[in-house]
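One structure is given below, encoded as structure tokens.
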Amino acid sequence: MKGQIVKIISNLYTVNCNGILYDCNSRGKFRKDNIIPVVGDYVTIDEKNRYILEVEKRKNRLIRPMVSNVDQGLIVTSVKIPDFSPILLDKLITLMEINDVRPIICITKMDLIDDAAKLEILKYVNYYRKIGYSVFFNDDIDELKKIFKDKITVFTGQTGAGKSSLLNRLNPQLNFQIGEVSKSLGRGRHTTRHVELIELFDGKVLDTPGFSSLEFNNISREVIRDSFVEFRKYSCKFKDCMHLNEKECEVKKAVQNGEILATRYNDYQKIVGDI
Ligand SMILES: Nc1nc2c(ncn2[C@@H]2O[C@H](COP(=O)(O)OP(=O)(O)OP(=O)(O)O)[C@@H](O)[C@H]2O)c(=O)[nH]1
Ligand SMILES: [Mg+2]
Ligand SMILES: [Zn+2]
């Protein structure tokens with residue numbers, strides 16, 4: 001019988017087969033072949049003996065939280081407490097692009113800033129929309145409800161950005177704990193929380209906000225470059241232009257004339273420089 005792993009607690013795998021949950025063990029064979037089933041995996045189970053027999057090929061797999069077959073990531077970004085951080089946003093977008101996860105941005109806490117600061121934020125919002133990303137505000141509840149259908153969505157963003165608050169607003173029955181900021185800052189973050197896919201508006205979301213792995217080791221500079229989607233349309237003099245120290249670079253020209261947002265380009269330089 002086929003299904004999807006929706007929860008793992010130590011060695012117990014909860015598999016959803018057409019809406020019915022089966023608690024299964026994994027077979028010893030998997031460990032030998034170095035296949036460790038994760039939440040999100042599509043599997044075949046032996047429903048009688050409650051064993052996972054086979055793990056299907058994954059579309060992708062994220063680490064921290066460990067989850068596979070993710071379609072999209074909702075990047076929850078506050079404009080204050082914590083402050084708006086373009087570099088964090090761009091790192092998360094890059095991380096998603098290279099894992100074939102569609103980034104969606106949700107801005108929170110606009111009520112905490114004045115009109116001048118709002119204009120500044122709108123400049124970013126318009127830019128990210130221009131390059132093809134969906135950007136919502138956490139007030140856009142009706143629009144946000146529509147994005148989950150038939151998708152696996154991971155919530156991500158800084159601690160305190162408002163992920164749990166947003167989930168609760170989307171579905172008050174979820175009743176996630178809110179305001180962990182100060183507590184978690186004191187003790188180091190995210191103690192042992194299990195990873196679980198939950199149903200939300202005909203889709204599934206990951207209730208463990210985290211996605212803290214922001215290192216780009218083992219990723220080539222070219223892949224990072226290509227994750228900046230707005231760079232793709234420029235044809236530079238050198239076909240393999242990294243848009244860094246090359247002369248006559250169309251991307252750099254576009255940064256200078258304001259077509260490409262300066263923070264995007266700076267963040268690109270930082271991310272490439274880090275690897
Ligand atoms: N003013 C204002 N406060 C908000 C808004 N959204 C969330 N908050 C507050 O921000 C604080 C943190 O919200 P959480 O939802 O717990 O943040 P989180 O992203 O889940 O944080 P972690 O679980 O630590 O990753 C809480 O005190 C919320 O009430 C908003 O739009 N405006
Ligand atoms: Mg939370
Ligand atoms: Zn170039």
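V223 - would you say it is closer than 30 Å to L62 by Cβ, in contact with a Cys (Cβ under 8 Å, 6 or more places away or on another chain) and aliphatic (A, V, I, L, M)?
It is false that V223 is closer than 30 Å to L62 by Cβ, in contact with a Cys (Cβ under 8 Å, 6 or more places away or on another chain) and aliphatic (A, V, I, L, M).
Here's the yes/no breakdown for (1) under 27 Å from I260 (Cα atoms); (2) among the basic types (K, R):
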| residue | (1), (2) |
| --- | --- |
| N16 | no, no |
| D46 | no, no |
| R58 | no, yes |
| I63 | no, no |
| P86 | yes, no |
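For segment 141-174, name all the residues that are away from ligand 1 (no atom under 15 Å from the Cβ), of a type in the set (D, E, K, R) and free of Cβ contacts under 8 Å to residues at least 40 places away in the same chain.
If the condition is that a residue be away from ligand 1 (no atom under 15 Å from the Cβ), of a type in the set (D, E, K, R) and free of Cβ contacts under 8 Å to residues at least 40 places away in the same chain, then D142, E143 are the ones that fit.
Just one of (1) closer than 27 Å to I147 by Cα; (2) in a helix (DSSP H, G or I); (3) basic (K, R) trips up K29, so point out which.
K29 satisfies every listed condition except (1).
Consider segment 96-115. How many of its residues are buried (at least 18 other Cβ atoms within 10 Å of the Cβ), among the hydrophobic types (A, V, I, L, M, F, W, C) and within 12 Å of the chain's Cα centre (by Cα)?
Summing the residues that are buried (at least 18 other Cβ atoms within 10 Å of the Cβ), among the hydrophobic types (A, V, I, L, M, F, W, C) and within 12 Å of the chain's Cα centre (by Cα) in segment 96-115 gives 5.
Being part of a loop (DSSP other than H, G, I, E, B), at pLDDT 95 or above and of a type outside the set (G, A, S): is that true of K57 here?
Details: part of a loop (DSSP other than H, G, I, E, B): yes; at pLDDT 95 or above: no; of a type outside the set (G, A, S): yes.
No: the conditions fail for K57.
Working carefully through the options I121, I93, I141, find the one that is of a type outside the set (G, A, S) and surrounded by 20 or more Cβ atoms within 10 Å (Cβ to Cβ). Walk me through it before giving the result.
Working: I121 fails: surrounded by 20 or more Cβ atoms within 10 Å (Cβ to Cβ); I141 fails: surrounded by 20 or more Cβ atoms within 10 Å (Cβ to Cβ).
After applying the criteria, what remains is I93.
Can you pull out every residue in segment 256-272 that is over 14 Å from V229 (Cα atoms) and over 22 Å from the mean Cα position of the chain (by Cα)?
First, the residues of segment 256-272 that are over 14 Å from V229 (Cα atoms): 256-258, 262-263, 266, 269-272.
Result: Q256, N257, G258, A262.
The values are calculated or read from the model by the stated rules, or taken from the named source; none is laboratory data. Model, not experiment: these values are computed from the prediction. All Cβ positions, even for glycine, are placed from backbone atoms using ideal geometry, and neighbour counts span all protein chains on display.
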